[in-house]
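Inspection log for the structure reproduced underneath, given as structure tokens.
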Amino acid sequence: MGTTLQVEHLTVQVATSGGAQTIVDDVSFRIEAGKVLALVGESGSGKSMTCTAIMRMLADNARISKGRVLLEGDDLVGKMPREMQHIRSRKVGMVLQDAMGSLNPLFTIGSQLGEVIDGNRAAVRERAVQLMKRVGISAPEDRLDAYPHQLSGGMRQRISIAINIARNPALLIADEPTTALDATVQLQILSLLRRLQRENAMAMLLVTHDLGVVARFCDRVAIMYAGRIVEEGPVDGIFASPMHPYTRALIDAVPRLDALPERLAVIAGQAPSFKDKLPGCSFAPRCPMVQDRCRQLAPPWTAAGERAAACWLATQVVP
Ligand SMILES: Nc1ncnc2c1ncn2[C@@H]1O[C@H](COP(=O)(O)OP(=O)(O)OP(=O)(O)O)[C@@H](O)[C@H]1O
Ligand SMILES: [Mg+2]
């Protein structure tokens, strides 16, 4: 069906009192139409920063210093703010962890849905009700006049999803969309996202801490460590035989992949600080398979069929 999102060498720097720090470091991946890519990694690895850079919604002290973000072949990096606003409202949806942050507490659900629907009053109302049904809200007519705080967290997230898919975007970015919800609601919301994404043939970038979610709801997975993608490929292949020791450590730390969602288990050692970046592989200080060269030279990105990893060991497997 073609590539919806292609991120190439995306690099994001933030200005700090100690100079520019690279937070997202040469990140590349692509998402085909109708597919879900999971972006996984420890807290602080740069997942949200990657999402906000794609949307061109970085904080004032952050900027894209390198790379391209091709949405249906069109590079977003050079776009003017007004153009970006248009693209965000038509072509990209974004669902965040806490729907309270994306909904306006002062306006009713009906009026917020109305913002993304064109037409006269009756048509807007009808379409709003239709959208609410589509995201699994019962008695939608009764909820049109409700304010966000009158709804449960799960219901709010459904409304936020309805608003974000109303215009059939090509791409949906969901940054830990269920972290704030309890386990059963999490699964309902993820199933909903997966269903809508399939029905509309949207490409979806799903940020999650949870490898159970990756296994159940995603097609491919990109593993992020200290601002870099260290491994990327189809979910089945990566779970069956990870190429990168960090991926292996993550998988080994999960008791059972088909168990209910768990947070990413803790791996021995400290996640690296962005301040004192090492010359070699960032994972070297924690890696059980570390070799001398890992500390000196960053490993090359090594492809093997559908999969690729940045690890010196992977280069031994694949010449
Ligand atoms: N505006 C900013 N200025 C300076 N540093 C920032 C800024 N935004 C984020 N950072 C830093 O960039 C790093 C990556 O942050 P990011 O929010 O992308 O992590 P994350 O992978 O989404 O983590 P989490 O799983 O906790 O959401 C962190 O060290 C964070 O402190
Ligand atoms: Mg985040």
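The values are calculated or read from the model by the stated rules, or taken from the named source; none is laboratory data. Since we're looking at a predicted model, the values are computed, not measured. Ideal geometry is used to build each Cβ from the backbone, glycine not excepted, and the neighbour counts take in all protein chains shown. Side chains included, ligands, DNA and RNA excluded: accessible areas come from the protein's heavy atoms. Shrake-Rupley method; radii C 1.70, N 1.55, O 1.52, S 1.80 Å.
Could you figure out which of (1) farther than 30 Å from Leu250 by Cα; (2) open to solvent by 60 Å² or more (accessible area, probe 1.4 Å); (3) of a type outside the set (A, V, I, L, M, F, W, C) isn't true of Thr108?
Going through (1) farther than 30 Å from Leu250 by Cα; (2) open to solvent by 60 Å² or more (accessible area, probe 1.4 Å); (3) of a type outside the set (A, V, I, L, M, F, W, C) one by one, Thr108 breaks only (2).
Name, by its number, the condition in (1) within 16 Å of ligand 1 (Cβ to nearest atom); (2) farther than 30 Å from Ala166 by Cβ; (3) modelled with pLDDT under 95 that does not hold for Asp210.
The failed condition is (2).
Kindly provide the set of residues from segment 58-99 that are of a type in the set (Ser, Thr, Tyr) and at pLDDT 95 or above, ordered by number.
Ser65
Pull up segment 80-120, narrow it to residues that are touching an Asp or Glu at 6+ places or on another chain (Cβ under 7 Å) and of a type outside the set (Val, Ile, Thr), then point me to the one that is nearest to ligand 1 (Cβ to nearest atom).
Gln97
Every residue, every condition in (1) crowded, with 19+ Cβ neighbours inside 10 Å; (2) farther than 24 Å from Gln157 by Cβ; (3) within 18 Å of the chain's Cα centre (by Cα), yes or no:
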residue	(1), (2), (3)
Thr3	no, yes, yes
Val12	yes, yes, yes
Gly19	no, yes, no
Ile23	yes, yes, yes
Val36	yes, no, yes
Ala53	yes, no, yes
Asp60	no, yes, no
Ser65	no, yes, no
Glu83	no, yes, no
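Looking at segment 262-276, can you tell me whether even one residue there is touching a strand residue (DSSP E or B) at 6+ places or on another chain (Cβ under 6 Å) and at pLDDT below 95?
There is at least one residue in segment 262-276 that is touching a strand residue (DSSP E or B) at 6+ places or on another chain (Cβ under 6 Å) and at pLDDT below 95.
Would you kindly identify the helices (runs of 4 or more DSSP H) lying entirely within segment 150-241 that contain at least 3 residues that are within 16 Å of ligand 2 (Cβ to nearest atom)?
Values: elements: 153-165, 183-199, 211-217, 235-240.
Qualifying helices (runs of 4 or more DSSP H): none found.
For segment 42-51, enumerate the residues that are open to solvent by less than 40 Å² (accessible area, probe 1.4 Å) and at negative phi.
Glu42, Ser45, Lys47, Thr50, Cys51
Mind counting the residues in segment 115-130 that are within 20 Å of Lys91 (Cα to Cα) and either outside any helix (DSSP H, G or I) or open to solvent by less than 20 Å² (accessible area, probe 1.4 Å) (or both)?
Residues flagged as within 20 Å of Lys91 (Cα to Cα) and either outside any helix (DSSP H, G or I) or open to solvent by less than 20 Å² (accessible area, probe 1.4 Å) (or both) within segment 115-130 amount to 6.
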